[in-house]
1. Excluding Val30 itself, calculate the net charge of residues whose Cβ lies under 15 Å from the Cβ of Val30, where each Lys or Arg counts +1 and each Asp or Glu counts -1.
2. Can you list the aspartates and glutamates whose alpha carbon is less than 12 Å from that of Lys100, not counting same-chain residues fewer than 8 positions off?
3. What accessible area, in Å² to the nearest ten, does a 1.4 Å probe give for His64?
4. Taking a ≥ b ≥ c as the square roots of the Cα gyration tensor eigenvalues, with a/c under 1.5 meaning rounded and otherwise prolate when a/b beats b/c, else oblate, which class fits segment 54-117?
5. Using 7 Å Cα-to-Cβ label points, what is the Asp9/Asp129 separation (nm, one decimal)?
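The values are calculated or read from the model by the stated rules, or taken from the named source; none is laboratory data. Fair warning: this is a prediction, and the values are worked out from it, not measured in the lab. Positions of Cβ are generated from backbone atoms using ideal geometry, with glycine treated the same way; all protein chains shown enter the neighbour counts. Only protein heavy atoms, including side chains, enter the accessible area calculation; ligands, DNA and RNA are left aside. Shrake-Rupley method; radii C 1.70, N 1.55, O 1.52, S 1.80 Å.
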Amino acid sequence: MTNTQLHKDIVTKLIAEALPNNDVAYVESVVTPETVTRRAGFASLLQATDQIKPAASNFMGWVHKGWDSLHAALSEQKVTMREVVADGNQVIAHYTYTAKHAGTFASAPATGKTIHWDEIGIFKFNNDDTWIIHLGIWDMKSHLAGLKATFGALRI
């Protein structure tokens, strides 16, 4: 039997607390070294601008090579969990990030502006309640104009 409430709690703590506060120890406690991630959004933008080159599809590689860079550029991070649902070993979460552009991001100098973006994450757990797969989608299209206004130096 799966523990859907435990999985929802892990995802909520990961997204709303651990990542915004750069709590890498918590992240490492709920994943395996082989945990897979496939992301679209900021990670893709950072790769396109050659700012980061995380290991292909490895979540901890992304955390160490991508999230560290993103966290340094975006301060005052807050996450609002919109919806978290679970079925079996899978959790789907919709959440909104808010952050201040406080450092260089994708080669764009800090603007001091606040940005917002929505994400949907799909998280799969193994039978040991360890998170093993992440699929993340950031709503880039609807926020592209806002990004250009915030990150004026970006060529997106």
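1. In short, -4.
2. Glu76
3. We get 90 Å² for His64.
4. Here segment 54-117 falls in the oblate category.
5. Calculated label separation equals 0.7 nm.
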